Amino acid sequence: TRSEEVLSLSFKLGETVRLYFIALVFEFLFLHWIEPLWSESREASYIPPKDAANVPATIQVGEERVATSSLSHLKSAEHYVEFILLDGTCEMHRAKLRDVVATLGEDVGLQPHRCFWVFRHSIEGVVRKGTNRFLVLSGGIEVPIARNRVNDVRAWLATHMPEAEGQSASLVRQA
């Protein structure tokens, strides 16, 4: 009977290992072929305006379109992007920040930090707190400027927001 128990146990163990490898094969197939096809249809894409004066540009994420004119900034949160609207509400969509940013033009906004994208129309100024700098957005929201991007942000503001260039002394203030 002892040998029967050992044989039965080894059979159960062999069956468990076989089922485990079958599960690994299905997981591999799903993650390498099926999931990428499914996620491609849900990735963000830029829809250019037909008439720039009348139709706002939109970002399409999956089946939903979000007008860029209603957005304050974007923030990455692991595998999601938070779309923060001007009224302070937040919509989360599964996407990569770099993919969403790639669909936007350089004149639409800038990326002051690896986790943030800020839309031009929501920028009110720059504030300095000690050695750190922040973009101040409408509603008083402060978005950090990475130390290695300070010069890029300055150049972008000078190029795309020349009205702020004359006020550069007031744009950088101590807090």
What nm value, rounded to one decimal, do you get for the distance between Val25 and Leu13 when each label is placed 7 Å out toward the C-beta?
2.3
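Per residue, how much accessible area does the stretch 115-162 show when a 1.4 Å probe rolls over the protein heavy atoms, in square angstrom? Write out the running numbers ahead of the final one.
Values: 2330 Å² over 48 residues.
Heavy-atom SASA per residue in the stretch 115-162 reads 49 Å².
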What is the percent carbon and sulfur in the accessible area of the stretch 56-107, measuring with a 1.4 Å probe over the protein chains and ignoring ligands?
47
For Leu110, net neighbour charge (Lys/Arg +1, Asp/Glu -1) across residues whose Cβ lies under 11 Å away
0
Taking H placed 1.01 Å from N in the peptide plane, check which residues at least 5 places from Ala95 or on another chain put their amide H under 5 Å from its amide H.
Tyr80, Val81
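The values are calculated or read from the model by the stated rules, or taken from the named source; none is laboratory data. All values reported here derive from a predicted model rather than from experimental measurement. Positions of Cβ are backbone-derived with ideal geometry, glycine not excepted, and every protein chain shown enters the neighbour counts. These accessible areas exclude ligands, DNA and RNA; they are computed on the full protein's heavy atoms, side chains included. Shrake-Rupley method; radii C 1.70, N 1.55, O 1.52, S 1.80 Å.
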